[in-house]
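One structure is given here, and the rest of the page talks about it.
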Amino acid sequence: MSTLIYGLVIAIFLFGKSMAMSDEMQEMAQMLHNTCVAETGVAEDLIIKCRSGDFTDDPKLKFDDGEIDVDTLVAMLPEEILGKAEPVLRSCGTIKGTDDCDSVYQTNKCYYDKSPLQMCTF
């Protein structure tokens with residue numbers, strides 16, 4: 001899955017769950033979630049653990065394109081979450097890990113660290 005799509009999934013769930021999402025936005029988020037799970041084979045229980053800050057070091061939680069294009073991601077965000085999501089996305093940027101997969105994983109952890117009350121991964 002491309003990092004851009006991954007980032008969009010994260011951003012929608014990161015900030016969308018903390019406010020009332022439109023039916024259309026909920027449907028889009030669920031579709032992206034389902035696509036992500038199908039492509040990676042990640043177990044739902046690992047996703048649930050991430051929501052509470054328990055980031056299991058599992059390759060299925062990582063993606064192979066380790067650079068998050070924050071400007072493009074911000075441009076694609078729904079307006080109703082932009083105000084809360086953009087500062088966190090820009091603050092984290094891309095956290096460099098041991099490889100591309102780990103970079104995306106570390107960046108996701110940064111999102112949680114910056115905004116744990118609103119974090120709802122995948």
- Restricting to lysines and to Cα separations under 22 Å from residue 49, and discarding same-chain partners fewer than 8 apart, the set is 17, 60, 62, 109, 114
- Could you rank 82, 32, 89 by how accessible they are, 1.4 Å probe, largest area first? 82, 32, 89
- Message: Can you compute the FRET efficiency between residue 56 and residue 86 using 1/(1 + (r/R0)^6), with r the Cβ-Cβ distance and R0 = 22 Å? Round to the nearest 0.05.
- Response: 0.20
- Can you work out the accessible area per residue across the stretch 49-117, with the rest of the protein chains kept in place, probe 1.4 Å, in square angstrom? 53 Å²
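With the full set of protein chains in place, find how many percent of the accessible area of the stretch 39-104 is carbon and sulfur; take the probe as 1.4 Å.
49 percent
The values are calculated or read from the model by the stated rules, or taken from the named source; none is laboratory data. Note that the structure is predicted; figures quoted are calculated from it, not measured. Please note: Cβ atoms are built from the backbone with ideal geometry, for glycine as well, and neighbour counts cover all protein chains shown. The area values use the complete protein model at the heavy-atom level, side chains included, leaving out ligands, DNA and RNA. Shrake-Rupley method; radii C 1.70, N 1.55, O 1.52, S 1.80 Å.
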